[in-house]
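**Student:** Please see the structure below; I have some questions.
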Amino acid sequence: MKNNILFLLAFAGAMCVSTARGQDDLLSMIEKGEKPTVDYTTATFKSTHIVIGQSIETAPAGNLNFLITHHFGALNTGYENLYGLKQASIRLGVEYGVTRWLGIGVGINTDQNTWDGSAKVKLLRQCKGAKNMPLTLDIYGNTAIYTTKWTDPSRKNYFSSRVTYALQLMAARKFGNSLSLQITPSYVHKNMVHDSKDKNDIFTLGAGGRIKISQRVSVNAEYNYLFKGQVVSTKAYNSFSLGVDIETGGHVFQIFLTNSYGEYEQPILTDTRGKWSNGDIFLGFNINRMFTIVKPRVPKD
Amino acid sequence: MSKSCIIFLLVFMTAFSAGAQKYITKTGHIKFYSDGQLEKIEAHNRQVNSVLDFSTGGFVFKVLMKSFEFEKALMQEHFNENYVESDKYPAATFVGKVTNIKDVNLLKDGMYDANVEGKMTMHGVTKDLTEKGTFEVKQGKIIGKAKFNIVVADYKITIPGNVGNNISKTIEITVDITLDKANM
């Protein structure tokens, strides 16, 4: 009898232990068997541009981003000019993600009918987990050619005189979910400059970032410092742009104020004519629309 | 006294060895499908972890949110970044049991109904979940299947007004797993 009671108690006890252990144990059994995965950071920025300059983002592989960039005229041009609304500079561009680490692009800008072609390569990707990398590092290069009529009769119209190049190194880090920062040293080469005192090789240092204020809206800013003594014949200021990103599913809208009228790297970095304190600033926007060209191979059931 | 000790030990050992009758998968498939007015959204996760303890009916799932693959890269980014917030809540889990596990005969191939109840945790929210599915016993494997709907708002996943019509408020989840006997 005593044995029977003990038996029952032990049985009940064992059952309790095994069922209580049961389900949580099963979960820890899964977790024990898990291999650590590499957790790549996504969406450091919402667009390939922080505001008007490049970000470390490229179009996802097999995706085509159609980018419309629009600048109105300067705000300080008064009512007669409707504070700049009567003027516009537009760049239409497409950017394609060839692979996860390579993006290529081409664009046409109404400013001197400039065509530009570019490539952006991701050298490092920020990640944690099985692999650790504190930042994303990209290299970006473009070539721009302006194609309006040759206006300087004193100089010969060489094709090469119309060509400029930009090379940028971009290092960015996403801190948590809502803050991303980027540092961008840049190099611009112009085959021909306005004046012999101007440098053909120009170096700048830029920084930019964004703060998310909601799941779909962020405030972005960008500054670029042009080292002194490189652009002399014209007054070139440091570029500063302040914008808001609004994301609506397939589109990202970027509305901004900037003192740069240019819409690709060379004029933004080396030929920013406006001065913020004079109100010599431009209202502008980017519209990003992503199209899926090549669908990833997801096996169907 | 020594006799009762032996019985005690035997019972304990039985309980634990019975607990070792586990079936496991790391490559289960979960599909989610939402049929909005403008866009059909479909995603597949083929790295679903699940364990079934046949002796107790204990049944768990663990799903990494970042392993869901979408047709459009942008959808995948939005899913992780804006909806389920994968950085904050990397995984969804289900911890529960098959209440009628005794009806499933492992020795006889065939289809069996499975009543599953437990708690599902996703996006940091835990909800009770009771669903019916099927187990098919086939050559020593258990193939589990279920299809059910969840309301995204239950898990505090918000759909903003301007895309509200594109995205359905309920999501159809299809589970398809093949559990193999665990070696231990």
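Where a number appears in this text, it was derived from the coordinates with a stated rule and is not lab data. Since this is a predicted model, take the numbers as computed values, not measurements. Don't worry about glycine lacking a Cβ; one is built from the backbone with ideal geometry, like all the others, and counts go over all protein chains shown.
**Student:** Largest first and in whole Å, give the semi-axes of segment B:22-181's equivalent ellipsoid, each being the square root of 5 times a Cα gyration tensor eigenvalue. Walk me through the numbers on the way to the answer.
**Tutor:** Numbers: eigenvalues 181, 44, 40 Å².
Equivalent ellipsoid of segment B:22-181: 30, 15, 14 Å, largest first.
**Student:** No solvent, one uniform scatterer per C-alpha: report log10 I(q)/I(0) for the protein assembly as shown via the Debye equation at q = 0.05, 0.07, 0.09, 0.13 1/Å, two decimals.
**Tutor:** Debye intensities relative to I(0), on a log10 scale: -0.30, -0.52, -0.73, -1.16.
**Student:** Something else now. Assuming a ≥ b ≥ c are the square roots of the Cα gyration tensor eigenvalues, decide whether segment A:27-66 counts as rounded (a/c under 1.5), prolate (otherwise, with a/b larger than b/c) or oblate. Each step should come with its number before you reach the end.
**Tutor:** Working: a/c = 5.03, a/b = 2.98, b/c = 1.69.
Taking the square roots of the gyration eigenvalues as a ≥ b ≥ c, segment A:27-66 is prolate.
**Student:** Continuing with this model, one more query. With all pairs of different alpha carbon atoms counted, what Kirkwood hydrodynamic radius in Å does segment A:171-293 show? Intermediate results must be reported in sequence, preceding the final value.
**Tutor:** Values: mean 1/r = 0.0631 Å⁻¹.
Result for segment A:171-293 stands at 15.8 Å.
**Student:** Related question: With labels modelled as points extended 7 Å from the Cα through the Cβ direction, what inter-label distance (nm, one decimal) is found for residue A:205 paired with residue A:28?
**Tutor:** 5.2 nm
**Student:** Let me ask something additional. Given the convex hull over the Cα atoms of segment B:88-184, what projected area results after averaging over all orientations, in nm²? Could the numbers behind the result be given before it?
**Tutor:** On the way: hull surface 32.2 nm².
Result: 8.0 nm².
**Student:** Please give, to one decimal in nm, the separation of the simple spin-label points placed at residue B:182 and residue B:153, each 7 Å out from Cα toward the Cβ.
**Tutor:** Roughly 3.9 nm, to one decimal.
**Student:** Multiply the residue separation of residue A:156 and residue A:219 by 0.36 nm, subtract the distance between their alpha-carbon atoms, and state the gained length in nm to one decimal.
**Tutor:** Working: separation 63, 0.36 × 63 = 22.68 nm, distance 4.61 nm.
Length gained, residue A:156 through residue A:219: 18.1 nm.
**Student:** Roughly what would the spin-label model give for residue A:183 and residue B:128, points 7 Å off Cα along C-beta, in nm?
**Tutor:** Here the answer is 5.6 nm between the modelled labels.
**Student:** What percent do you get for the relative contact order of chain A when only Cα pairs under 8 Å and 6+ apart count? Let's see the in-between values first.
**Tutor:** Details: 703 pairs, mean separation 51.6, N = 301.
Answer for chain A is 17 percent.
**Student:** Hey, for a label at residue B:174 modelled as a point 7 Å past Cα toward Cβ, could you say which residues of segment B:100-138 have their backbone N under 15 Å away?
**Tutor:** It comes to B:134, nothing else.
**Student:** Follow-up. Can you give me the angle between helix A:2-33 and the longest principal axis of chain A, using Cα atoms only, in degrees from 0 to 90, rounded to the nearest 10?
**Tutor:** The two axes meet at around 10 degrees.
**Student:** Across 5 Å bins from the origin, how do the percents of Cα pairs in segment A:109-228 run, short distances first?
**Tutor:** Using 5 Å bins, I get a P(r) of 2, 9, 14, 16, 17, 14, 10, 7, 5, 3, 1, 1, 0 for segment A:109-228.
**Student:** For a quick check: sort A:39, B:154, A:195 by the number of other beta carbons within 10 angstrom, fewest at the front. Write out the running numbers ahead of the final one.
**Tutor:** Values: A:39 18, B:154 14, A:195 9.
Least crowded to most crowded, the residues run A:195, B:154, A:39.
**Student:** Then there's this: Please list, in order along segment A:159-175, the HN-Hα scalar couplings obtained from phi with the Karplus expression 6.51 cos²θ - 1.76 cosθ + 1.60 (θ = phi - 60°), rounded to whole Hz, x for Gly and Pro.
**Tutor:** Each residue's phi maps through the Karplus curve to give 4, 4, 5, 8, 9, 10, 10, 9, 9, 10, 10, 10, 10, 10, 9, 9, 9 Hz.
**Student:** Mean separation of Cα pairs under 8 Å and 6+ residues apart, divided by the residue count of chain B: what relative contact order is that in percent? Can you show the working numbers first?
**Tutor:** Numbers: 397 pairs, mean separation 43.1, N = 184.
Rounded, it is 23 percent for chain B.
**Student:** What number of lysine-lysine pairs in segment A:135-275 show an alpha-carbon separation below 18 angstrom, given a sequence spacing of 8 or more or placement on distinct chains?
**Tutor:** 11
**Student:** Something else about it: Using Stokes-Einstein with the Kirkwood hydrodynamic radius over Cα pairs, what translational diffusion coefficient do you get for segment A:41-292 at 25 °C and a viscosity of 0.890 mPa s, in µm²/s rounded to a whole number? All intermediate terms of the calculation are to be shown ahead of the outcome.
**Tutor:** Values: Rh = 18.6 Å.
For these conditions, the coefficient is 132 µm²/s.
**Student:** Rounded to the nearest 0.05, what FRET efficiency is calculated for residue B:21 and residue B:119 with R0 set to 30 Å and r the Cβ-Cβ distance? Intermediate values should be presented prior to the final figure.
**Tutor:** On the way: r = 23 Å, r/R0 = 0.77.
That gives a FRET efficiency of 0.85.
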